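First comes the structure, then the notes that go with it.
The values are calculated or read from the model by the stated rules, or taken from the named source; none is laboratory data. Here the structure is a predicted model, which is why all the values come from computation and not from measurement. Cβ coordinates were reconstructed from backbone atoms using ideal geometry, including for glycine residues, and neighbour counts include every protein chain displayed.
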Amino acid sequence: MKIRKVSREHHAKVYALLRNAFPGSQYEAKLVQKLHDNGRPLHEWVCIKAGKVIAYVAFSNAYEGDRICGLHLAPMAVTVAMQNMGIGSELLRFALRQKSIAGEPLFVLGEPGYYRRFGFAPCEQPVCRFTKKNKNFMSLRNTSADSFTVGYEPEF
């Protein structure tokens, strides 16, 4: 199993993985494809086993108005056949150690029981527009006490 930065050659495999990992939803695959097509800055890695992309993680910019205030973790996926084997955790731990991620405030809208293991905690500020009362909105290294609605890339 190898972890690699995503290159253009991985794109089609990433989209296929996202469709597999989120059955019944095209949102995640279409989102990442739009982010790629529109040249949005992403920090993204894949886990490859036997030439196949089996896991993916991406971070996009988070905004306070026009200013970048951190990164959003989304999406993250593991192929259905390999879920619950620790692959996603390994990939996320790897990503969190990377220079481009390690010092940044991070935000994620996800399962608290999972993300707490990586140091994420419930986030009161900023506010996430995709959930009521910031339910399941978490952060890591977020020191902002300012009240604002965190921005996402327009493709979200």
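Total residues in the stretch 131-149 satisfying the condition of being among the hydrophobic types (A, V, I, L, M, F, W, C), modelled with pLDDT of 95 or more and either exposed (fewer than 15 other Cβ atoms within 10 Å of the Cβ) or over 15 Å from the mean Cα position of the chain (by Cα) (or both): the figure is 1. Taking the stretch 102-117 as the range and being part of a loop (DSSP other than H, G, I, E, B) and under 11 Å from Lys135 (Cα atoms) as the test, the residues that pass are Gly110, Glu111. Pairs meeting the criteria (first residue in the stretch 14-41 and in contact (Cβ under 8 Å) with a residue 24 or more places away in the chain and surrounded by 15 or more Cβ atoms within 10 Å (Cβ to Cβ), second residue in a helix (DSSP H, G or I) and of a type in the set (Gly, Ala, Ser), beta carbons under 9 Å, at least 6 apart or on different chains) are Val14/Ala29; Leu17/Ala29; Leu18/Ala29; Asn20/Ala81; Phe22/Ala29; Glu28/Ala21.
Taken together, the residues in the stretch 91-109 that are surrounded by fewer than 15 Cβ atoms within 10 Å (Cβ to Cβ), in contact (Cβ under 8 Å) with a residue 24 or more places away in the chain and among the charged types (D, E, K, R) amount to 1.
Within the stretch 116-126, can one find any residue that is surrounded by 15 or more Cβ atoms within 10 Å (Cβ to Cβ), free of Cβ contacts under 8 Å to residues at least 24 places away in the same chain and not polar (S, T, N, Q)? Among the residues of the stretch 116-126, at least one is surrounded by 15 or more Cβ atoms within 10 Å (Cβ to Cβ), free of Cβ contacts under 8 Å to residues at least 24 places away in the same chain and not polar (S, T, N, Q), which makes the answer yes.
Yes/no per residue for (1) surrounded by 14 or more Cβ atoms within 10 Å (Cβ to Cβ); (2) in contact (Cβ under 8 Å) with a residue 60 or more places away in the chain; (3) within 18 Å of Glu155 (Cβ to Cβ):
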{"position": "Val46", "(1), (2), (3)": "yes, no, no"}
{"position": "Ser60", "(1), (2), (3)": "yes, yes, yes"}
{"position": "Asp66", "(1), (2), (3)": "no, no, yes"}
{"position": "Asn84", "(1), (2), (3)": "no, no, no"}
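Could you tell me whether Gln98 is under 23 Å from Pro41 (Cα atoms) and not aromatic (Phe, Trp, Tyr)? Judged against the criteria, Gln98 is a match.
The single condition from (1) surrounded by 20 or more Cβ atoms within 10 Å (Cβ to Cβ); (2) without any contact (Cβ under 8 Å) to a residue 60 or more places away in the chain that Ala77 fails is (2).
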